[in-house]
Amino acid sequence: MFDIVFLGTSASAPSVHRGLPSLLVQHEEYRFLIDCGEGTQRQILQAGVGFKRLNHILLTHGHLDHILGLGGLVSTFLRWEVIEEIEIYGTRHTLDRVNDLIYGVVLRGFRGTPPVILHEITPGVFFETEKFTIEAFPVDHRGSHSLGYKFEERSRRPFLPEAAEALNIPPGPWRRDLVRGLQVELPDGRVIEPEQVLGESRKGTQLAIVGDTGKPDKLLPYINGVDALVIEATYIEAEVDLAERFDHLTAARAAQLAKDAGVGKLYLTHLSRRYRQRDVLKEAQAVFPSVHVARDFDAFQIRRSDE
């Protein structure tokens, strides 16, 4: 399961009700900020999610509406000393712009070990824990060398409590070790193998996040069958010419992508100020019913689609 909080859902410029792009993803103790538009630190405070452990920032691309908030956020971290290191991930093209902002302005004249670490990444798995991985995949958007991100829990074999009860396995460390795939010896001397109390292997939850793009078909191999897709819907079909001109998606095209990829749930963000939310929702639902048009501070739990 992944928890997500939309911190900013506007496109290009903020509106009265929407901040610039930013999304928080959490898996147990790990927290990731996806993009950091201007004003993100205030959105974090207003959302009540806090700064603790928010030291991994994944950038989809280097356009200013997705990175300008880094300056203020890093500056606040330095003053409050709430995080020792800030790790920022992106393509070389993206990090070149971030480097100019952070080291050319915010950290100019800074003494000591720089607290910001820039990680250049390419498509593929770049972050792994015992329970999940993060994979970067290529996204086309006006030559910006963009990336999308897929969060995926590792496959697991579910614990079968009825099997444990039938074997009279007492609660406690024995069951915990069996869940971890370890053989155990019970107090009565019996030896129990994990296979006796674990079910068939099941794929973990998959969450895909895409920033700006105008070429949805190229994303299909990377998002096929994910439980949730977060993606932009800057325009509606009435202005598809503008969407194509600026290499963005309409709500209908984002929904068609979700339908073609067989995703579980679609979350639309990066909305233009020119449209009413209900118009974006109506257009998308006509193609793909399981859709939510995100607002700032919306929070969701992403689970397997079959749960």
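Coordinate-derived values only; no laboratory data. Note that the structure is predicted; figures quoted are calculated from it, not measured. Methodologically, a virtual Cβ is constructed for each residue, glycine included, from the backbone with ideal geometry; neighbour enumeration extends over all protein chains shown.
Inside the range 268-280, can you point out the residues that are buried (at least 18 other Cβ atoms within 10 Å of the Cβ) and either touching a residue at least 40 places away in the same chain (Cβ under 8 Å) or more than 19 Å from SER305 (Cα to Cα) (or both)?
Residues of the range 268-280 that are buried (at least 18 other Cβ atoms within 10 Å of the Cβ), as a first pass: 268-272, 275, 280.
Residues satisfying the conditions are THR269, HIS270, LEU271, SER272, TYR275, VAL280.
Among the residues of the range 196-217, are any touching a residue at least 60 places away in the same chain (Cβ under 8 Å), crowded, with 18+ Cβ neighbours inside 10 Å and acidic (Asp, Glu)? Looking for residues that are touching a residue at least 60 places away in the same chain (Cβ under 8 Å), crowded, with 18+ Cβ neighbours inside 10 Å and acidic (Asp, Glu), one finds at least one in the range 196-217, hence yes.
Restricting the range 42-68 to residues that are in a helix (DSSP H, G or I) and in contact (Cβ under 8 Å) with a residue 60 or more places away in the chain leaves a set whose member that is surrounded by the most Cβ atoms within 10 Å (Cβ to Cβ) is HIS66. Under the condition of being among the small types (Gly, Ala, Ser), in contact with a strand residue (DSSP E or B) (Cβ under 8 Å, 6 or more places away or on another chain) and part of a helix (DSSP H, G or I), the residues counted in the range 73-123 number 0. Screening the range 281-299 for residues that are farther than 19 Å from ALA261 by Cβ and not aromatic (Phe, Trp, Tyr) and picking the one that is surrounded by the most Cβ atoms within 10 Å (Cβ to Cβ) gives ASP296.
Of the residues making up the range 110-137, those that are surrounded by 14 or more Cβ atoms within 10 Å (Cβ to Cβ) and either under 15 Å from the mean Cα position of the chain (by Cα) or without any contact (Cβ under 8 Å) to a residue 12 or more places away in the chain (or both) number 8.
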